[in-house]
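Report on the structure given below.
Just so it is clear, none of the values below were taken in a lab; they were calculated from the coordinates. Since the structure is predicted, the reported quantities are computational estimates derived from the model, not experimental observations. Don't worry about glycine lacking a Cβ; one is built from the backbone with ideal geometry, like all the others, and counts go over all protein chains shown.
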């Protein structure tokens, strides 16, 4: 999406270690026009896919998931991150390793809110190695729900998580697809 | 707001200890129509107030703040909850006690994203004793910004936080204003 790419070029800051700082418009301060347009673009991409629920994970995925939910008219469920492994029967839980923070957590949703009849669209702000996305996929599997695909604001293609999912037949859409950030120069993948 | 009150009556579950469970439409699974309407109602309430930034706190305040931001066309900033006191000069930080979880945390925003020129609207899902709201007010004060007021999805009037703020001259709007939940019966405050 052109607006996302332009915003990344104008506002994004490339830090050492392949980190892209987008706090000024996406994951701490959130630009309202970009947020609205991102939700509408995700709705356009998944129009007709039969999505009944959007699944995201706290905290920085919530805004874009909420915008997509409003645009699509489907409920938004956000998974929580718990430090401890909770064996409560009322929840679905899966362990996730965060490469960003170097920590492990349990990704948790209430069993009541994700059910076998659901067709899920996974939404997040970033897709890099795909760990959080794989956690959400596991929650969908545990619920016996179906997966429509995934949509993220920014994919860091060079970290491989998105293409690994695509190779498994999972539909993955990214509004800004960054192919490389070498020497601080951001290059986008060309449109398919 | 009628839609919020109807949803609370239809879906809310009163638990022991004055807890209202609204996970099925507000703070885990989020209803898209309620979310859109809540954002538009907050925009209507604060129309003309000169708001330049919406401030909320992760995680469950983000969706409604995002919806209000889209409706008002102003950026949304979400404060983070840190366990440790970070003395980094680039952040604004204030300690908050969470009565819900019985824990303390530091509420943190980047200094770059909240500045002296801002007129802030504080948005959250719940207002009970007001601890989180007071944390946000302190961040606004630390930034030298101005406060337009606060808007929450649900105020538990009987816990006193909202009225204490109003007594200090702070404008507080609630879309659903619960006066009492005795014996599991939810009663709303009548409109002013």
- [ ] Rounded to the nearest 10 degrees, what's the angle between the helix A:2-11 long axis and the longest principal axis of chain A, both from Cα atoms, 0 to 90?
- [x] 70 degrees
- [ ] Specify the inter-centroid distance of the stretch B:63-135 and the stretch A:91-125, based on alpha-carbon positions, in whole Å.
- [x] 24 Å
TODO: Please work out the C-alpha center-to-center distance from the stretch B:23-55 to the stretch A:151-192 and express it in whole Å.
DONE: 32 Å
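Please list B:157-167, A:58-68 highest first by mean number of surrounding beta-carbon atoms within 10 Å per residue. Mind dumping the intermediate values first?
Working: B:157-167: 16.2, A:58-68: 26.3.
The densest-packed peptide leads the list: A:58-68, B:157-167.
What translational diffusion coefficient, in µm²/s and rounded to a whole number, does the Stokes-Einstein relation yield for chain B at 37 °C and a viscosity of 0.692 mPa s, taking the hydrodynamic radius as the Kirkwood radius over Cα pairs? Walk me through the numbers on the way to the answer.
On the way: Rh = 16.8 Å.
In µm²/s, the coefficient rounds to 196.
Please arrange A:72, B:181 by how many other C-beta atoms lie within 10 Å of their C-beta, fewest to most.
Details: A:72 23, B:181 17.
With the sparsest Cβ surroundings first, the list reads B:181, A:72.
Can I get the semi-axes of the stretch A:1-106's equivalent ellipsoid? Compute them from the C-alpha gyration tensor as square roots of 5 times the eigenvalues, in angstrom, largest first.
On the way: eigenvalues 136, 100, 20 Å².
In descending order, the three semi-axes are 26, 22, 10 Å.
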Open item on the list: For peptide B:25-35, what's the mean number of Cβ atoms from other chains within 10 Å of each residue's Cβ?
Closed with: 6
TODO: Determine the calculated [θ] at 222 nm for the protein assembly as shown from helices alone, applying -39500 (n - 2.57) to every DSSP H run no shorter than 4 residues and normalising by the residue count; nearest 500 deg cm²/dmol.
DONE: -8500 deg cm²/dmol
Task: At 7 Å out from Cα toward Cβ: residue A:167 inter-copy label distances (nm, ascending) - done: 6.4
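Of the beta bridges DSSP finds with both residues in the stretch A:2-188, what % are antiparallel, to the nearest 5? Please report the intermediate quantities before stating the final value.
Details: 16 of 37 bridges.
Bridges in the stretch A:2-188 are about 45 percent antiparallel.
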Open item on the list: Suppose you put the label 7 Å out from Cα in the Cβ direction; list, shortest first and in nm with one decimal, how far residue B:18 is from each other copy's label.
Closed with: 5.0
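Looking at the stretch A:36-108, send over the antiparallel percent of its DSSP beta bridges, to the nearest 5. Show your work: numbers first, answer last.
Working: 9 of 13 bridges.
Around 70 percent antiparallel, to the nearest 5.
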Task: Compactness index (Cα Rg / 2.2 N^0.38 Å), the protein assembly as shown - done: 0.95
TODO: One decimal, nm, shortest first: give the distances between the label point of residue B:2 and those of the same position in the other copies, each label point 7 Å from Cα along Cα→Cβ.
DONE: 4.2
Task: Per-residue average of Cβ from other chains inside 10 Å of A:57-70 - done: 6
- [ ] Alpha carbons only, please: Rg and Dmax for the stretch A:74-161, in angstrom.
- [x] 12.9, 39
- [ ] Report, as an integer, the average count of C-beta atoms from other chains found within 10 Å of each Cβ along A:17-24.
- [x] 1
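Please report the antiparallel percentage of DSSP beta bridges with both residues in the stretch A:131-192, rounded to the nearest 5. Walk me through the numbers before you get to the answer.
Numbers: 2 of 8 bridges.
Of the beta bridges lying entirely in the stretch A:131-192, close to 25 percent run antiparallel.
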